[in-house]
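Data block below; observations after.
The values are calculated or read from the model by the stated rules, or taken from the named source; none is laboratory data. Computed from a predicted structure; not experimentally measured. All Cβ positions, even for glycine, are placed from backbone atoms using ideal geometry, and neighbour counts span all protein chains on display. For the accessible areas, the whole protein counts, side chains as well, though only heavy atoms, and no ligand, DNA or RNA atoms are used. Shrake-Rupley method; radii C 1.70, N 1.55, O 1.52, S 1.80 Å.
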Amino acid sequence: GTQFRSSIRSLIASLRETTPHFVRCIKPNATKTPYNFDAPIVLRQMRTGGLVEAIDIRRLGFPYRKLHHQFLKQYSPIQQLVDKKTNRARNEAGQGDNNE
């Protein structure tokens, strides 16, 4: 309970102070030798790494990345509904409103 929430708060504080960037490394061939491009290997890595889906999403005009405040604005109503259902289930189970 309390330790988990503390860890989450620490993680969120860290994320707010940074600008994360993700780099996907794609190996051009199984032997990692230069000037040897193996298209099926590259395509498999792109599919399993989510790159193809990300490109499809961008092509459709949807933003692939959101700023933290944009994400919160869009999805916080869902979290509020989940919290209400969780509290209701706790109350029905006789656990009351346990805020640890």
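Restricting attention to segment 60-100, the residues that are farther than 30 Å from Cys25 by Cβ, part of a loop (DSSP other than H, G, I, E, B) and modelled with pLDDT of 80 or more add up to 2. The requirement of being among the basic types (Lys, Arg), at pLDDT 80 or above and open to solvent by less than 100 Å² (accessible area, probe 1.4 Å) is fulfilled nowhere in segment 29-38; no residue meets it. Within segment 12-23, can one find any residue that is modelled with pLDDT under 85, open to solvent by 70 Å² or more (accessible area, probe 1.4 Å) and among the charged types (D, E, K, R)? Yes: segment 12-23 contains one or more residues that are modelled with pLDDT under 85, open to solvent by 70 Å² or more (accessible area, probe 1.4 Å) and among the charged types (D, E, K, R).
Could you check, for segment 45-59, whether at least one of its residues is part of a loop (DSSP other than H, G, I, E, B) and either modelled with pLDDT of 80 or more or open to solvent by less than 70 Å² (accessible area, probe 1.4 Å) (or both)? Yes, segment 45-59 contains a residue that is part of a loop (DSSP other than H, G, I, E, B) and either modelled with pLDDT of 80 or more or open to solvent by less than 70 Å² (accessible area, probe 1.4 Å) (or both).
For beta carbons closer than 7 Å, sequence separation of 6+ or different chains, a first residue in segment 35-62 that is without any contact (Cβ under 8 Å) to a residue 60 or more places away in the chain and a second that is among the β-branched types (Val, Ile, Thr), the qualifying pairs are Val42/Ile26; Gln45/Ile26; Met46/Ile26; Met46/Val52.
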